[in-house]
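> Quick one: this structure, given as structure tokens, is what I'll be asking you about.
The values are calculated or read from the model by the stated rules, or taken from the named source; none is laboratory data. Since this is a predicted model, take the numbers as computed values, not measurements. Every residue, glycine among them, receives a Cβ derived from its backbone with ideal geometry; neighbour counts consider all protein chains shown. Heads up: the accessible areas ignore ligands, DNA and RNA and are worked out on the full protein's heavy atoms, side chains in. Shrake-Rupley method; radii C 1.70, N 1.55, O 1.52, S 1.80 Å.
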Amino acid sequence: MILDCAVIGGGPAGLNASLVLGRARRKTVLFDDNKPRNAVTSEAHGFITRDGINPQELKRIAQQELKSYPDLSIERQRVNHVSKEQQLFRIETENGDIYKAKKIILATGFKEILPEIPHLEEFYGKSLFSCPFCDGWELRDRPLAVIAEIQGAYHMAKVASNWTSDLIVCTNGKQVLSNSEKESLEKNGIKINDKKIRSLIGENGSLKGIEFHGGEIISRTGGFVAAEWVQATSIGSSLGCSVNERGGINADRFQRTNIEGVFACGDTIIGGPSQLIIAAAEGSMAAISVNGELLEERFITAS
């Protein structure tokens, strides 16, 4: 059987794309290896009617809803390779299964590369987070830190200051802030510490302080970490999809990439805020675009 569409990635983008395609009676397979980037997170925020839900519970509900549509199925395995053969795409999974599809939706997301700081992973997802819009409310009015070794330090500090007036930017020994950026932050009451971090201090996931080389310890009870983002898979690059300056797959407002028949949505496009509701909306648009192309091809063939 030739699929109308293969959706690769089972996060909010892929799930919502699959829902729309299933409701459009399109033969669709959703491939999900269940390795979400937000596995360390216990609550998701900013999603209307689902504020505070555990991401895995959101996923469970979504998968249950998808069972209502007989043209849609879920394959719980990783896609290893996708190639284009004439007008069809050949999908090969980790188990050696082969599928063919008319269209591909890439919703594979990205991976985070965290700074190499001792004990950081013990607090990440519990009192240190990557997205102020997702978790800033829970940290409001507390002494916070922005830990950033990359050029996004200034932007993240500005955003994080929306939730606290007690903020320190820690660059872990890296010079990632220009003089004008330092001046701007300091004028707004944001402190800067550019010493190398020796360790994070706390227990049971709750941050208590940051220790620097030289012995200085500052009290902090939470904050945000600027991580580097890289594609979770090489499928997009192997297909020839162009990327933006941050490494995200380029997609237009209809989620079309530069490769005919390939669409991208969610975190894999690395184009803005990383929120569940935005990813889900992009998944919906990708599915609508896929359906539109399939309809156009059908009527052109008929004429």
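> For the stretch 196-232, give me each residue that is open to solvent by less than 30 Å² (accessible area, probe 1.4 Å) and not in a strand (DSSP E or B).
Passing the criteria: Gly205, Arg220, Ala227, Ala232.
> Could I ask something else about it? Condition test on Gly247, is it in a loop (DSSP other than H, G, I, E, B), at pLDDT below 95, touching a Lys or Arg at 6+ places or on another chain (Cβ under 8 Å) and of a type outside the set (S, T, N, Q)?
Details: in a loop (DSSP other than H, G, I, E, B): yes; at pLDDT below 95: yes; touching a Lys or Arg at 6+ places or on another chain (Cβ under 8 Å): no; of a type outside the set (S, T, N, Q): yes.
It is false that Gly247 is in a loop (DSSP other than H, G, I, E, B), at pLDDT below 95, touching a Lys or Arg at 6+ places or on another chain (Cβ under 8 Å) and of a type outside the set (S, T, N, Q).
> Can you name every residue in the stretch 11-34 that is open to solvent by 10 Å² or more (accessible area, probe 1.4 Å), within 15 Å of Gln63 (Cβ to Cβ), not in a helix (DSSP H, G or I) and not acidic (Asp, Glu)?
Gly11, Asn34
> Would you check which residues across the stretch 257-303 are open to solvent by less than 20 Å² (accessible area, probe 1.4 Å), touching a residue at least 40 places away in the same chain (Cβ under 8 Å), under 17 Å from Leu19 (Cβ atoms) and assigned to a helix (DSSP H, G or I) and list them?
Gly266, Ala279, Ala280, Gly283, Ala286, Ala287, Val290, Leu294
> Separate question: Take the conditions open to solvent by 20 Å² or more (accessible area, probe 1.4 Å), over 21 Å from Gly261 (Cα atoms), out of contact with any Leu (no Cβ under 9 Å at 6 or more places or on another chain) and assigned to a helix (DSSP H, G or I) and apply them to Gln63. Does it pass?
no
> Determine which member of the set Leu207, Leu177, Leu200, Leu167 is hydrophobic (A, V, I, L, M, F, W, C) and touching a His at 6+ places or on another chain (Cβ under 6 Å). Talk me through it step by step, then tell me what you get.
On the way: Leu207 fails: touching a His at 6+ places or on another chain (Cβ under 6 Å); Leu177 fails: touching a His at 6+ places or on another chain (Cβ under 6 Å); Leu167 fails: touching a His at 6+ places or on another chain (Cβ under 6 Å).
It is Leu200.
> Within the stretch 174-188, which residues are among the small types (Gly, Ala, Ser) and open to solvent by 60 Å² or more (accessible area, probe 1.4 Å)?
Ser180
> Residue by residue through the stretch 119-140, note down the ones that are more than 13 Å from Ser42 (Cβ to Cβ) and assigned to a loop (DSSP other than H, G, I, E, B).
Selection gives His119, Ser130, Cys131, Gly136, Arg140.
> Let me ask something additional. Given Glu94, Glu122, Glu112, Glu75, which one is exposed (fewer than 13 other Cβ atoms within 10 Å of the Cβ), touching a residue at least 12 places away in the same chain (Cβ under 8 Å) and acidic (Asp, Glu)?
Glu94
> Output the qualifying pairs, or none if there are none: Cβ atoms under 7 angstrom, residues six or more apart or on different chains, first residue in the stretch 37-60 and of a type in the set (Ser, Thr, Tyr) and modelled with pLDDT under 90, second residue part of a loop (DSSP other than H, G, I, E, B) and surrounded by fewer than 17 Cβ atoms within 10 Å (Cβ to Cβ).
Correct list of pairs: Ser42/Asn54.
> Moving on. Pairs needed: first member in the stretch 11-35, touching a residue at least 24 places away in the same chain (Cβ under 8 Å); second member anywhere, of a type in the set (Phe, Trp, Tyr) and open to solvent by less than 30 Å² (accessible area, probe 1.4 Å); C-beta distance under 9 Å; at least 6 residues apart or different chains.
Between residues of the stretch 11-35 that are touching a residue at least 24 places away in the same chain (Cβ under 8 Å) and residues that are of a type in the set (Phe, Trp, Tyr) and open to solvent by less than 30 Å² (accessible area, probe 1.4 Å), the close pairs are Gly14/Phe31; Ala17/Phe263.
> Next question, about the same structure. Within the stretch 141-152, is there a residue that is modelled with pLDDT of 95 or more, of a type in the set (A, V, I, L, M, F, W, C), open to solvent by 10 Å² or more (accessible area, probe 1.4 Å) and outside any strand (DSSP E or B)?
So far as the stretch 141-152 goes, no, none of its residues is modelled with pLDDT of 95 or more, of a type in the set (A, V, I, L, M, F, W, C), open to solvent by 10 Å² or more (accessible area, probe 1.4 Å) and outside any strand (DSSP E or B).
> Among the residues of the stretch 153-173, which ones are open to solvent by 20 Å² or more (accessible area, probe 1.4 Å), in a loop (DSSP other than H, G, I, E, B) and under 22 Å from Ala44 (Cβ atoms)?
Asn162, Trp163
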